[in-house]
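Just below is one structure, and these are the notes that go with it.
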Amino acid sequence: MDIKLSKKEFRRLLDMVYIGNWILNSTRGADRFADYDAVESKLFALCREHGMQTLVDKWEGEDVPSRAFADGGIHEAIMDYEDTVFFEILAEELARRDMEYAPVSGENYEELVSRMDDYIAEFEANGTDNLVIDR
């Protein structure tokens, strides 16, 4: 298969592949999806042929994203995503708890969204500073 990409498009593809592999494998320890690592390695190896040598390193015989790549802002994008997902999930869980975990239906959907919006507004204003666990 041949895919024609500009340098800019290839660079964006590297970002997407890295982010996808990070999401799939970063928490798996030794139980990684090796086939995703292999695709990432294959694409990063192409950096050498396209004047992007600083984006790839060799590690234990494999082509991997370089420290320069990893430190170039990609993890900030990942962290922004993780923060957003964390707060959205937390808001939904708290809203569902407040509604005594009633199944979501046409009758209570607006209430759920309203409660979630209230929690999101709180998190945007104060993060988790006002969360309290009663013991």
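The values are calculated or read from the model by the stated rules, or taken from the named source; none is laboratory data. Just so it is clear, the structure is predicted and the values come from calculations on it, not from any experiment. Cβ sites come from the backbone with ideal geometry, for glycine too, and all protein chains shown count toward neighbours.
Hey, can you tell me all the residues within segment 2-22 that are without any contact (Cβ under 8 Å) to a residue 24 or more places away in the chain and either surrounded by 13 or more Cβ atoms within 10 Å (Cβ to Cβ) or not small (Gly, Ala, Ser) (or both)?
Within segment 2-22, Asp2, Ile3, Lys4, Leu5, Lys8, Glu9, Arg12, Met16, Gly20, Asn21 qualify.
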Failed item in (1) part of a helix (DSSP H, G or I); (2) modelled with pLDDT of 95 or more, with Gly72 passing the rest
(2)
Do any residues in segment 42-71 that are over 13 Å from Phe10 (Cα atoms) have Cβ atoms under 6 Å from those of residues that are of a type in the set (Phe, Trp, Tyr), where the two are at least six apart or on different chains, and which pairs are they?
Val56/Phe44; Asp63/Phe44; Pro65/Tyr18; Pro65/Phe44
Per the filter on segment 103-112, residues surrounded by 12 or more Cβ atoms within 10 Å (Cβ to Cβ) and without any contact (Cβ under 8 Å) to a residue 12 or more places away in the chain are Val104, Asn108
Quick check on my filter: what residues within segment 32-41 are surrounded by fewer than 16 Cβ atoms within 10 Å (Cβ to Cβ) and of a type in the set (Asp, Glu)?
Asp35, Asp37
Tell me the residue from Ile120, Ile133, Ile78 that is in contact (Cβ under 8 Å) with a residue 40 or more places away in the chain and either over 30 Å from Asp2 (Cα atoms) or in a helix (DSSP H, G or I) (or both), please.
Ile78
Is segment 91-103 home to any residue that is closer than 30 Å to Ser6 by Cβ and of a type in the set (D, E, K, R)?
no
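Here's the yes/no breakdown for (1) exposed (fewer than 12 other Cβ atoms within 10 Å of the Cβ); (2) within 16 Å of the chain's Cα centre (by Cα); (3) small (Gly, Ala, Ser):
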position: Ala30; (1), (2), (3): yes, no, yes
position: Leu43; (1), (2), (3): no, no, no
position: Leu55; (1), (2), (3): no, no, no
position: Glu60; (1), (2), (3): yes, no, no
position: Ala68; (1), (2), (3): no, no, yes
position: Glu88; (1), (2), (3): no, yes, no
position: Glu93; (1), (2), (3): no, no, no
position: Arg96; (1), (2), (3): no, no, no
position: Tyr101; (1), (2), (3): yes, no, no
